[in-house]
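Heads up: the structure comes next, in C-alpha coordinates.
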(Lines give C-alpha, C1' and ligand atoms only; values in the text may rest on other atoms or scores of the structure.)
Protein backbone atom coordinates (compact mmCIF):
# COMPACT_ATOMS: atom_id res chain seq x y z
CA UNK A 1 0.00 0.00 0.00
CA UNK A 2 2.82 2.36 0.91
CA UNK A 3 4.57 1.48 -2.34
CA UNK A 4 1.42 2.24 -4.33
CA UNK A 5 1.11 5.61 -2.58
CA UNK A 6 4.74 6.41 -3.33
CA UNK A 7 4.26 5.62 -7.01
CA UNK A 8 1.09 7.76 -7.12
CA UNK A 9 3.00 10.61 -5.48
CA UNK A 10 5.87 10.31 -7.96
CA UNK A 11 3.36 10.30 -10.84
CA UNK A 12 1.65 13.41 -9.45
CA UNK A 13 5.02 15.18 -9.15
CA UNK A 14 5.93 14.22 -12.72
CA UNK A 15 2.54 15.43 -13.97
CA UNK A 16 2.93 18.70 -12.06
CA UNK A 17 6.36 19.26 -13.58
CA UNK A 18 4.92 18.54 -17.01
CA UNK A 19 2.13 21.12 -16.56
CA UNK A 20 4.56 23.73 -15.22
CA UNK A 21 6.96 23.08 -18.12
CA UNK A 22 4.18 23.52 -20.68
CA UNK A 23 2.93 26.71 -19.00
CA UNK A 24 6.39 28.26 -18.74
CA UNK A 25 7.32 27.32 -22.29
CA UNK A 26 4.11 28.66 -23.76
CA UNK A 27 4.41 31.82 -21.64
CA UNK A 28 7.94 32.33 -22.93
CA UNK A 29 6.70 31.84 -26.49
CA UNK A 30 3.99 34.47 -25.96
CA UNK A 31 6.55 36.91 -24.54
CA UNK A 32 9.04 36.37 -27.37
CA UNK A 33 6.46 36.81 -30.12
CA UNK A 34 5.03 39.91 -28.44
CA UNK A 35 8.34 41.70 -27.93
CA UNK A 36 9.61 40.76 -31.39
CA UNK A 37 6.49 42.42 -32.76
CA UNK A 38 7.31 45.58 -30.80
CA UNK A 39 11.02 45.61 -31.69
CA UNK A 40 10.48 45.31 -35.45
CA UNK A 41 10.50 48.84 -36.92
CA UNK A 42 7.02 48.54 -38.40
CA UNK A 43 4.14 50.62 -37.11
CA UNK A 44 1.03 48.38 -37.12
CA UNK A 45 -1.18 51.46 -37.15
CA UNK A 46 0.32 52.71 -40.42
CA UNK A 47 -0.10 49.23 -41.86
CA UNK A 48 -3.84 49.58 -41.18
CA UNK A 49 -4.57 53.19 -42.13
CA UNK A 50 -1.67 53.93 -44.49
CA UNK A 51 1.11 56.47 -44.16
CA UNK A 52 -0.99 59.29 -45.67
CA UNK A 53 -3.78 59.14 -43.11
CA UNK A 54 -4.43 62.30 -41.03
CA UNK A 55 -2.79 62.49 -37.63
CA UNK A 56 -6.07 62.37 -35.72
CA UNK A 57 -7.04 59.16 -37.53
CA UNK A 58 -3.69 57.58 -36.67
CA UNK A 59 -4.10 58.49 -33.00
CA UNK A 60 -7.66 57.20 -32.85
CA UNK A 61 -6.69 53.86 -34.38
CA UNK A 62 -3.69 53.67 -32.04
CA UNK A 63 -6.02 54.05 -29.06
CA UNK A 64 -8.47 51.48 -30.45
CA UNK A 65 -5.61 48.99 -30.83
CA UNK A 66 -4.37 49.70 -27.30
CA UNK A 67 -0.92 50.79 -28.51
CA UNK A 68 -1.01 53.95 -26.43
CA UNK A 69 -0.94 51.89 -23.24
CA UNK A 70 2.26 50.99 -21.32
CA UNK A 71 4.12 47.97 -22.65
CA UNK A 72 3.18 45.68 -19.76
CA UNK A 73 -0.51 46.52 -20.25
CA UNK A 74 -0.21 45.78 -23.97
CA UNK A 75 1.41 42.45 -23.14
CA UNK A 76 -1.40 41.55 -20.75
CA UNK A 77 -4.01 42.37 -23.38
CA UNK A 78 -2.06 40.38 -25.97
CA UNK A 79 -1.85 37.31 -23.73
CA UNK A 80 -5.54 37.50 -22.86
CA UNK A 81 -6.58 37.69 -26.52
CA UNK A 82 -4.11 34.98 -27.61
CA UNK A 83 -5.37 32.54 -24.98
CA UNK A 84 -8.87 33.06 -26.41
CA UNK A 85 -7.63 32.41 -29.95
CA UNK A 86 -7.91 36.06 -30.96
CA UNK A 87 -4.83 37.08 -32.94
CA UNK A 88 -6.43 40.16 -34.43
CA UNK A 89 -7.44 40.86 -38.02
CA UNK A 90 -5.14 40.44 -40.99
CA UNK A 91 -4.48 43.64 -42.90
CA UNK A 92 -3.70 41.64 -46.03
CA UNK A 93 -6.89 39.53 -46.17
CA UNK A 94 -9.22 41.48 -43.84
CA UNK A 95 -10.06 38.18 -42.17
CA UNK A 96 -9.45 37.14 -38.56
CA UNK A 97 -5.93 35.75 -38.39
CA UNK A 98 -7.16 32.54 -36.79
CA UNK A 99 -9.49 31.91 -39.76
CA UNK A 100 -6.59 32.39 -42.18
CA UNK A 101 -4.43 30.00 -40.14
CA UNK A 102 -7.18 27.37 -40.14
CA UNK A 103 -7.28 27.61 -43.95
CA UNK A 104 -3.52 27.56 -44.58
CA UNK A 105 -2.16 25.25 -41.88
CA UNK A 106 -3.70 22.02 -43.32
CA UNK A 107 -1.72 22.59 -46.54
CA UNK A 108 1.51 22.85 -44.55
CA UNK A 109 0.52 19.84 -42.45
CA UNK A 110 -0.13 17.75 -45.56
CA UNK A 111 3.17 18.76 -47.14
CA UNK A 112 5.21 18.19 -43.97
CA UNK A 113 3.54 14.83 -43.31
CA UNK A 114 4.46 13.54 -46.76
CA UNK A 115 7.99 14.85 -46.20
CA UNK A 116 8.45 13.11 -42.85
CA UNK A 117 6.97 9.83 -44.13
CA UNK A 118 9.53 9.83 -46.94
CA UNK A 119 12.33 11.05 -44.69
CA UNK A 120 11.75 8.55 -41.88
CA UNK A 121 10.61 5.70 -44.15
CA UNK A 122 13.82 5.84 -46.19
CA UNK A 123 16.22 7.57 -43.81
CA UNK A 124 16.02 4.97 -41.02
CA UNK A 125 16.70 1.91 -43.26
CA UNK A 126 19.47 3.77 -45.09
CA UNK A 127 21.06 4.79 -41.78
CA UNK A 128 20.93 1.20 -40.53
CA UNK A 129 22.40 -0.06 -43.80
CA UNK A 130 25.22 2.49 -43.66
CA UNK A 131 26.05 1.54 -40.06
CA UNK A 132 26.12 -2.18 -40.85
CA UNK A 133 28.30 -1.55 -43.92
CA UNK A 134 30.55 0.94 -42.15
CA UNK A 135 33.44 2.03 -44.34
CA UNK A 136 31.99 0.34 -47.40
CA UNK A 137 30.50 1.65 -50.62
CA UNK A 138 26.96 1.76 -49.18
CA UNK A 139 28.15 3.76 -46.18
CA UNK A 140 29.92 6.31 -48.36
CA UNK A 141 26.91 6.60 -50.69
CA UNK A 142 24.50 7.29 -47.80
CA UNK A 143 26.91 9.83 -46.26
CA UNK A 144 27.33 11.66 -49.58
CA UNK A 145 23.55 11.69 -50.05
CA UNK A 146 23.17 13.23 -46.60
CA UNK A 147 25.94 15.75 -47.24
CA UNK A 148 24.25 16.92 -50.44
CA UNK A 149 20.94 17.24 -48.63
CA UNK A 150 22.59 19.40 -45.97
CA UNK A 151 24.72 21.52 -48.29
CA UNK A 152 22.56 22.38 -51.31
CA UNK A 153 20.03 25.20 -50.68
CA UNK A 154 16.53 23.78 -50.71
CA UNK A 155 15.14 26.62 -52.84
CA UNK A 156 17.74 25.87 -55.54
CA UNK A 157 16.82 22.19 -55.50
CA UNK A 158 13.17 23.19 -55.80
CA UNK A 159 13.78 25.38 -58.82
CA UNK A 160 15.91 22.72 -60.54
CA UNK A 161 13.28 20.07 -59.82
CA UNK A 162 10.58 22.27 -61.36
CA UNK A 163 12.68 22.88 -64.45
CA UNK A 164 13.45 19.18 -64.93
CA UNK A 165 10.36 17.25 -63.83
CA UNK A 166 7.68 19.84 -64.65
CA UNK A 167 8.95 22.07 -67.46
CA UNK A 168 11.11 19.55 -69.35
CA UNK A 169 9.72 16.08 -68.65
CA UNK A 170 6.16 16.97 -67.66
CA UNK A 171 6.04 14.13 -65.11
CA UNK A 172 4.38 16.18 -62.36
CA UNK A 173 2.10 19.19 -62.04
CA UNK A 174 3.57 22.61 -61.48
CA UNK A 175 3.30 25.17 -58.69
CA UNK A 176 0.17 25.39 -56.60
CA UNK A 177 -1.79 22.83 -54.64
CA UNK A 178 -4.39 21.85 -57.26
CA UNK A 179 -5.44 22.96 -60.73
CA UNK A 180 -8.11 25.64 -61.01
CA UNK A 181 -10.45 23.15 -62.72
CA UNK A 182 -10.59 21.07 -59.52
CA UNK A 183 -10.42 23.93 -57.01
CA UNK A 184 -14.10 23.79 -56.05
CA UNK A 185 -14.87 20.18 -56.95
CA UNK A 186 -13.77 18.83 -53.54
CA UNK A 187 -15.63 19.72 -50.36
CA UNK A 188 -13.15 20.82 -47.69
CA UNK A 189 -13.75 18.66 -44.61
CA UNK A 190 -10.33 18.16 -43.07
CA UNK A 191 -8.45 20.70 -45.17
CA UNK A 192 -6.13 17.91 -46.39
CA UNK A 193 -6.83 17.72 -50.12
CA UNK A 194 -5.84 14.08 -50.58
CA UNK A 195 -8.02 12.99 -47.67
CA UNK A 196 -10.97 15.17 -48.71
CA UNK A 197 -10.79 14.03 -52.34
CA UNK A 198 -10.69 10.38 -51.25
CA UNK A 199 -13.64 10.87 -48.90
CA UNK A 200 -15.65 12.50 -51.70
CA UNK A 201 -14.65 9.84 -54.24
CA UNK A 202 -13.20 12.52 -56.54
CA UNK A 203 -10.31 10.39 -57.80
CA UNK A 204 -9.44 12.68 -60.71
CA UNK A 205 -9.03 15.56 -58.27
CA UNK A 206 -7.08 13.22 -55.97
CA UNK A 207 -4.64 12.42 -58.78
CA UNK A 208 -4.24 16.08 -59.65
CA UNK A 209 -3.60 17.05 -56.02
CA UNK A 210 -1.11 14.19 -55.65
CA UNK A 211 0.70 15.31 -58.79
CA UNK A 212 1.11 18.78 -57.28
CA UNK A 213 2.21 17.36 -53.92
CA UNK A 214 4.75 14.77 -54.99
CA UNK A 215 7.55 17.18 -55.97
CA UNK A 216 7.60 19.54 -52.95
CA UNK A 217 6.85 16.59 -50.65
CA UNK A 218 9.77 14.60 -52.06
CA UNK A 219 12.03 17.62 -51.74
CA UNK A 220 11.19 18.04 -48.06
CA UNK A 221 11.47 14.27 -47.66
CA UNK A 222 15.00 14.35 -49.04
CA UNK A 223 15.87 17.24 -46.73
CA UNK A 224 14.69 15.31 -43.65
CA UNK A 225 16.15 12.04 -44.97
CA UNK A 226 19.62 13.59 -44.92
CA UNK A 227 19.31 14.37 -41.22
CA UNK A 228 17.49 11.22 -40.11
CA UNK A 229 19.81 8.83 -41.96
CA UNK A 230 22.85 10.49 -40.46
CA UNK A 231 21.49 10.33 -36.91
CA UNK A 232 20.30 6.72 -37.41
CA UNK A 233 23.78 5.72 -38.56
CA UNK A 234 25.32 7.39 -35.50
CA UNK A 235 22.90 5.72 -33.07
CA UNK A 236 23.31 2.31 -34.71
CA UNK A 237 27.11 2.49 -34.63
CA UNK A 238 26.89 3.19 -30.92
CA UNK A 239 24.53 0.25 -30.32
CA UNK A 240 26.51 -2.19 -32.48
CA UNK A 241 29.57 -1.54 -30.33
CA UNK A 242 27.80 -2.50 -27.08
CA UNK A 243 28.51 -5.68 -25.16
CA UNK A 244 24.98 -7.08 -25.51
CA UNK A 245 25.52 -7.25 -29.28
CA UNK A 246 28.68 -9.31 -28.73
CA UNK A 247 26.74 -11.57 -26.37
CA UNK A 248 23.90 -11.98 -28.88
CA UNK A 249 26.36 -13.00 -31.59
CA UNK A 250 28.03 -15.42 -29.20
CA UNK A 251 24.63 -17.04 -28.60
CA UNK A 252 24.35 -17.68 -32.33
CA UNK A 253 21.53 -15.25 -33.12
CA UNK A 254 21.19 -14.32 -36.77
CA UNK A 255 22.68 -11.02 -37.88
CA UNK A 256 19.31 -9.86 -39.15
CA UNK A 257 17.70 -10.40 -35.77
CA UNK A 258 20.58 -8.72 -33.96
CA UNK A 259 20.40 -5.63 -36.15
CA UNK A 260 16.65 -5.13 -36.51
CA UNK A 261 15.27 -6.53 -33.26
CA UNK A 262 18.00 -5.63 -30.80
CA UNK A 263 20.24 -2.81 -32.02
CA UNK A 264 17.56 -0.82 -33.85
CA UNK A 265 15.08 -1.30 -31.02
CA UNK A 266 17.45 0.40 -28.59
CA UNK A 267 18.44 3.03 -31.16
CA UNK A 268 14.76 3.91 -31.63
CA UNK A 269 14.63 5.49 -28.16
CA UNK A 270 16.64 8.62 -29.11
CA UNK A 271 15.58 8.32 -32.75
CA UNK A 272 11.95 9.06 -31.84
CA UNK A 273 13.04 12.50 -30.66
CA UNK A 274 15.00 13.06 -33.88
CA UNK A 275 12.00 12.18 -36.06
CA UNK A 276 9.60 14.31 -33.99
CA UNK A 277 11.87 17.36 -34.09
CA UNK A 278 12.49 16.83 -37.79
CA UNK A 279 8.73 16.81 -38.35
CA UNK A 280 8.39 20.00 -36.32
CA UNK A 281 11.18 21.53 -38.39
CA UNK A 282 9.30 20.72 -41.59
CA UNK A 283 6.12 22.29 -40.19
CA UNK A 284 7.92 25.50 -39.31
CA UNK A 285 10.72 25.56 -41.84
CA UNK A 286 9.02 24.88 -45.17
CA UNK A 287 8.77 28.59 -45.99
CA UNK A 288 11.23 28.47 -48.90
CA UNK A 289 9.64 25.33 -50.35
CA UNK A 290 6.16 26.82 -50.15
CA UNK A 291 7.41 30.03 -51.76
CA UNK A 292 9.13 28.24 -54.66
CA UNK A 293 6.14 25.98 -55.34
CA UNK A 294 3.48 28.64 -54.58
CA UNK A 295 2.09 26.24 -51.99
CA UNK A 296 -0.73 28.01 -50.10
CA UNK A 297 0.45 26.96 -46.66
CA UNK A 298 1.23 28.71 -43.41
CA UNK A 299 4.83 29.45 -44.41
CA UNK A 300 3.78 31.32 -47.55
CA UNK A 301 1.05 33.11 -45.57
CA UNK A 302 3.57 34.35 -42.99
CA UNK A 303 6.03 35.39 -45.73
CA UNK A 304 3.42 37.40 -47.64
CA UNK A 305 2.20 38.98 -44.40
CA UNK A 306 5.72 40.01 -43.44
CA UNK A 307 6.29 41.59 -46.84
CA UNK A 308 3.10 43.62 -46.37
CA UNK A 309 3.84 44.62 -42.73
CA UNK A 310 0.85 42.58 -41.54
CA UNK A 311 2.21 42.00 -38.03
CA UNK A 312 -0.98 40.48 -36.62
CA UNK A 313 -0.73 37.66 -39.15
CA UNK A 314 3.03 37.28 -38.70
CA UNK A 315 2.83 37.02 -34.90
CA UNK A 316 -0.24 34.78 -34.98
CA UNK A 317 1.37 32.39 -37.45
CA UNK A 318 4.63 32.39 -35.50
CA UNK A 319 2.77 31.63 -32.28
CA UNK A 320 0.92 28.70 -33.86
CA UNK A 321 4.13 27.25 -35.32
CA UNK A 322 5.84 27.62 -31.94
CA UNK A 323 2.94 25.92 -30.18
CA UNK A 324 3.11 23.00 -32.64
CA UNK A 325 6.85 22.72 -32.07
CA UNK A 326 6.31 22.66 -28.29
CA UNK A 327 3.58 20.04 -28.64
CA UNK A 328 5.71 17.74 -30.79
CA UNK A 329 8.67 18.19 -28.45
CA UNK A 330 6.55 17.21 -25.46
CA UNK A 331 5.09 14.27 -27.41
CA UNK A 332 8.58 13.01 -28.24
CA UNK A 333 9.53 13.33 -24.57
CA UNK A 334 6.47 11.25 -23.63
CA UNK A 335 7.30 8.58 -26.22
CA UNK A 336 10.89 8.58 -24.97
CA UNK A 337 9.64 7.75 -21.47
CA UNK A 338 7.38 5.00 -22.78
CA UNK A 339 10.16 3.38 -24.80
CA UNK A 340 12.85 3.69 -22.14
CA UNK A 341 11.71 2.38 -18.72
CA UNK A 342 14.76 3.97 -17.07
CA UNK A 343 13.29 7.45 -17.55
CA UNK A 344 9.99 6.64 -15.85
CA UNK A 345 9.33 7.88 -12.30
CA UNK A 346 9.81 5.19 -9.67
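The values are calculated or read from the model by the stated rules, or taken from the named source; none is laboratory data. What you see is a predicted model, and the numbers here were worked out from it, not measured in a lab. Positions of Cβ are generated from backbone atoms using ideal geometry, with glycine treated the same way; all protein chains shown enter the neighbour counts.
Key figures for this structure:
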{"read-out": "Condition met for residue 238 (out of contact with any helix residue (DSSP H, G or I) (no Cβ under 6 Å at 6 or more places or on another chain) and either under 30 Å from residue 179 (Cα atoms) or touching a residue at least 40 places away in the same chain (Cβ under 8 Å) (or both))", "value": "no"}
{"read-out": "Hits in region 114-138 - residues which are free of Cβ contacts under 8 Å to residues at least 40 places away in the same chain and either under 24 Å from residue 270 (Cα atoms) or touching a helix residue (DSSP H, G or I) at 6+ places or on another chain (Cβ under 9 Å) (or both)", "value": "121, 125, 129, 133, 135, 136, 138"}
{"read-out": "Matching entry among 144, 45, 128 (being within 30 Å of residue 255 (Cβ to Cβ) and buried (at least 16 other Cβ atoms within 10 Å of the Cβ))", "value": "128"}
{"read-out": "Residue in region 192-200 that is part of a loop (DSSP other than H, G, I, E, B) and touching a residue at least 60 places away in the same chain (Cβ under 8 Å) present", "value": "yes"}
{"read-out": "Residue count for region 147-165, restricted to those that are surrounded by fewer than 18 Cβ atoms within 10 Å (Cβ to Cβ), touching a residue at least 12 places away in the same chain (Cβ under 8 Å) and more than 26 Å from residue 231 (Cβ to Cβ)", "value": "2"}
{"read-out": "Test: residue in region 288-299 that is in contact (Cβ under 8 Å) with a residue 40 or more places away in the chain, over 17 Å from the mean Cα position of the chain (by Cα) and in a helix (DSSP H, G or I)", "value": "yes"}
{"read-out": "Helices (runs of 4 or more DSSP H) lying entirely in region 1-108 (those with 3 or more residues that are at pLDDT 75 or above)", "value": "2-39, 55-64, 71-83"}
{"read-out": "Criterion (surrounded by 22 or more Cβ atoms within 10 Å (Cβ to Cβ) and over 17 Å from residue 121 (Cα atoms)) met by exactly one of 252, 297, 217", "value": "297"}
{"read-out": "When residues of region 60-76 are limited to those that are surrounded by 13 or more Cβ atoms within 10 Å (Cβ to Cβ) and out of contact with any helix residue (DSSP H, G or I) (no Cβ under 7 Å at 6 or more places or on another chain), the one farthest from residue 30 (Cα to Cα)", "value": "60"}
{"read-out": "Candidate set: region 173-191, residues that are exposed (fewer than 15 other Cβ atoms within 10 Å of the Cβ) and in a helix (DSSP H, G or I); chosen: the one modelled with the lowest pLDDT", "value": "181"}
{"read-out": "Condition check for residue 161: assigned by TED's automatic domain parsing to the domain that holds residue 297, within 22 Å of residue 287 (Cβ to Cβ), out of contact with any strand residue (DSSP E or B) (no Cβ under 9 Å at 6 or more places or on another chain) and not in a helix (DSSP H, G or I)", "value": "no"}
{"read-out": "Filter result for residue 228 (surrounded by 15 or more Cβ atoms within 10 Å (Cβ to Cβ), at pLDDT below 85 and closer than 30 Å to residue 127 by Cβ)", "value": "no"}
{"read-out": "Residue among 229, 211 that alone is assigned to a helix (DSSP H, G or I) and under 17 Å from residue 282 (Cα atoms)", "value": "229"}
{"read-out": "Residue in region 234-246 that is surrounded by 14 or more Cβ atoms within 10 Å (Cβ to Cβ), within 30 Å of residue 103 (Cβ to Cβ) and at pLDDT 85 or above present", "value": "no"}
{"read-out": "Members of region 304-323 found to be touching a helix residue (DSSP H, G or I) at 6+ places or on another chain (Cβ under 6 Å), assigned to a helix (DSSP H, G or I) and surrounded by fewer than 19 Cβ atoms within 10 Å (Cβ to Cβ), listed by number", "value": "306"}
